Amino acid sequence: LSRLAARYPVLFVEEPLPGADRPWLERYSPCAGVEVLRMHMPGTAHGFDAQHMDGMRTLLLGHLLEHDIHDYVLWFYTPMALPLAEELTPRGSVYDCMDELSAFDFAPRELLAREEALLRSVDLVFTGGRSLYESKRGRHADVHCFPSSVDHAHFGQTGVPDHPDQAGMARPRLGYYGVIDERLDLALMAAAADAHPDWQWVMV
């Protein structure tokens, strides 16, 4: 997003935080050109739940009007956010499908229906790998495959000082950077750690 923001301002809408006494909008900028909207909502539901949508739409529309934002592209990472777009008039829209979210544990029951609606409404679909591409390409006219990759220039750096969280750790260290969820074989990792207690595992 920081690279995109070098050419276009980026407004990133996070999943809402429940438990607020009233709807309110927190704003912050993690880097130049990127503004994050974090919406605090009443209620107990997590994620882009239906109970939050009216309040979130009100906050989002208010922000766009206040800052005279009227020429924009919508970029979806999850179909669950689709109801936020009901009153928006984007120049175009993209579905960036990096996972088969409906296959995750505890996936919302509305997810498949919202994805079907999202695929009908967007102009462009990106998929994070061949299997996702194969599963989506018959459902939209403009689907593109972007297999997983690594930022080699970033992760290939040498001579970088240890992060403070790791500075006191012994070596050798085995690093993992990615999703940590039910797809990760934790039993395998535990067995490897038990077999090699001198190895340090760093997972981000």
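The values are calculated or read from the model by the stated rules, or taken from the named source; none is laboratory data. It should be emphasised that the depicted structure is a prediction, and the values quoted were computed from it without experimental measurement. Virtual Cβ from ideal backbone geometry, glycine too; neighbours counted across all protein chains shown. Side chains included, ligands, DNA and RNA excluded: accessible areas come from the protein's heavy atoms. Shrake-Rupley method; radii C 1.70, N 1.55, O 1.52, S 1.80 Å.
Some notes on this structure:
- Residues of the range 49-62 that are in contact (Cβ under 8 Å) with a residue 40 or more places away in the chain and open to solvent by less than 20 Å² (accessible area, probe 1.4 Å): 56, 60.
- Residue within the range 70-77 that is over 15 Å from the mean Cα position of the chain (by Cα), within 25 Å of residue 124 (Cβ to Cβ) and in a strand (DSSP E or B) present: yes
- Residue in the range 87-95 that is open to solvent by less than 20 Å² (accessible area, probe 1.4 Å), of a type outside the set (A, V, I, L, M, F, W, C), in contact with a Lys or Arg (Cβ under 9 Å, 6 or more places away or on another chain) and closer than 27 Å to residue 149 by Cα present: yes
- Enumeration of residues in the range 9-39 that are open to solvent by less than 60 Å² (accessible area, probe 1.4 Å), within 18 Å of residue 83 (Cβ to Cβ) and more than 17 Å from the chain's Cα centre (by Cα): 18, 25
- Selection count where residues are of a type outside the set (Phe, Trp, Tyr) and in contact with a strand residue (DSSP E or B) (Cβ under 6 Å, 6 or more places away or on another chain), scope the range 86-129: 13
- Residue match in the range 167-183 (condition: of a type in the set (Phe, Trp, Tyr), in a loop (DSSP other than H, G, I, E, B), closer than 13 Å to residue 201 by Cα and under 24 Å from the mean Cα position of the chain (by Cα)): yes
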